[in-house]
1. I'd like the trypsin sites (Lys or Arg not before Pro) in region 41-81 restricted to DSSP loop residues with at most 13 other Cβ atoms within 10 Å, sorted by number.
2. Do any chymotrypsin sites (Phe, Trp or Tyr not before Pro) in region 1-95 lie in a loop, going by DSSP, with at most 16 other beta-carbon atoms within 10 Å of their beta carbon, and if so which?
3. Just how far, in whole angstrom, is region 222-240 from region 100-129 if you go by their alpha carbon centroids?
4. Among rounded, prolate and oblate, which fits region 1-52 when a ≥ b ≥ c are the square roots of the eigenvalues of its C-alpha gyration tensor, a/c under 1.5 means rounded, and a/b larger than b/c means prolate?
5. Can you check what the net charge comes to around LEU189, using other residues whose Cβ is under 14 Å from the Cβ of LEU189 (Lys, Arg +1; Asp, Glu -1)?
6. Could you give me the ³J(HN,Hα) list for region 139-150, computed from phi with Karplus coefficients 6.51, -1.76, 1.60 and θ = phi - 60°, whole Hz, x at Gly and Pro?
7. Do any chymotrypsin sites (Phe, Trp or Tyr not before Pro) in region 143-244 lie in a DSSP loop with no more than 13 other beta carbon atoms within 10 Å, and if so, which?
8. Calculated from DSSP H runs of 4 or more alone, at -39500 (n - 2.57) each and per residue, what is the 222 nm mean residue ellipticity of the chain, nearest 500?
Amino acid sequence: MNKDNQIVQLKARAKINLTLDVLSRRENGYHDVEMLMQQINLYDNVTVGKNSSGDINLSCSDGFLPVDEKNIAYQAASLMKEMYQLAEGFDIHIDKQIPVAAGLAGGSTDAAAVIKAINQLSGLNLSIEKLQEIGFKLGADVPFCFLEGCALARGLGEILKPVRGFEHAWMVLVKPNFGVSTKEVYGELDLGTIETHPETTKMLEALNEQNKRVILSGLCNVLETVTLNLYPKVSEIKEKLSSYGAEGVLMSGSGPTVFGFFPSYERAKKAHKKLKKQYPQSYVVSTYNQ
Ligand code: ATP
């Protein structure tokens, strides 16, 4: 294939949080976190090709998302062009499957995919650490999206340690018909009132041994204290998932998406059939590990 006409197509995977703890608030308003992030088999298809015009052209299957510099995938291409003085332009298409403003790192994963694709297309040969460093300029969740599987994230989310993930686990994801602003949720968080924090070390041991019972009982996200208060619908969905047989239920990120693990694909499918009627943005997905 002619190198100039080369096209790179990537699966930009979403994540869920098996745990999310907020340790402290920095003076600049950012928060130090400790979280277990797990990729799932729900992804946007991101296609990137080179053009000689030098322009960035973005298109997206979701007509509600911006296709200019407001889109984080556009910003990723722009940053790469600027940092590496790239004369070539890029044609980017995002086939959006991940719900937006959902707590699933949908935008972050698109940005990571574009950076990865440009690294390949422009022959930059940058290391994964360098790609993560570039991604971090765009968002705290972007560095994780260069990894495959599960990782323990610290700092603002950029200090990453790959760990054994939750393997072959089936879940139903439910996103209510509204989005949540991550900034708003962190802004409302009162660290002094959090009673239950995740037991991250215990969770890491459980993952290492694939001790399903301990993993399911260890699911914990301190941001629920904010989002569940602001949006009672999220609690309602959690209760529904449990009543349909989910063995462990949690909100992902700052929400509002909730996931519930089921003992089998069949059981998940059965619950999904009922939930889908009320929540069209419901999905049966499995965890993704390398
Ligand atoms: P995180 O879990 O990292 O907080 P999220 O899943 O909550 O992310 P996103 O889906 O990334 O949230 O969307 C957050 C906002 O970013 C939306 O309001 C959306 O308009 C904007 N946005 C910009 N680019 C994108 C993109 N490529 N995909 C999704 N949202 C985007």
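Read-outs: derived from the displayed coordinates by stated rules, not from any lab. Predicted model, so just to flag it, every value in this text is computed and none were measured. Using ideal geometry, Cβ is built from the backbone for each residue, glycine included, and neighbour counts are taken over all protein chains shown.
1. Details: sites: LYS50, LYS70, LYS81; in loops: LYS70.
Listed in order of number, the matching sites are LYS70.
2. Numbers: sites: TYR30, TYR43, PHE64, TYR74, TYR84, PHE90; in loops: TYR30, PHE64, TYR84.
Loop-located and lightly packed - TYR30, PHE64, TYR84.
3. Centre-to-centre (Cα) distance: 31 Å.
4. On the way: a/c = 5.64, a/b = 2.18, b/c = 2.59.
Oblate.
5. After counting each charged neighbour, the total is -4.
6. x, 5, 8, 5, x, 4, 5, 7, 8, 10, x, 10
7. Details: sites: PHE144, PHE146, PHE166, TRP170, PHE178, TYR186, TYR244; in loops: PHE166, PHE178, TYR244.
Qualifying residues, ordered by number: PHE178.
8. Details: 9 runs with 94 residues, N = 290.
Helix contribution divided over all residues of the chain: -9500 deg cm²/dmol.
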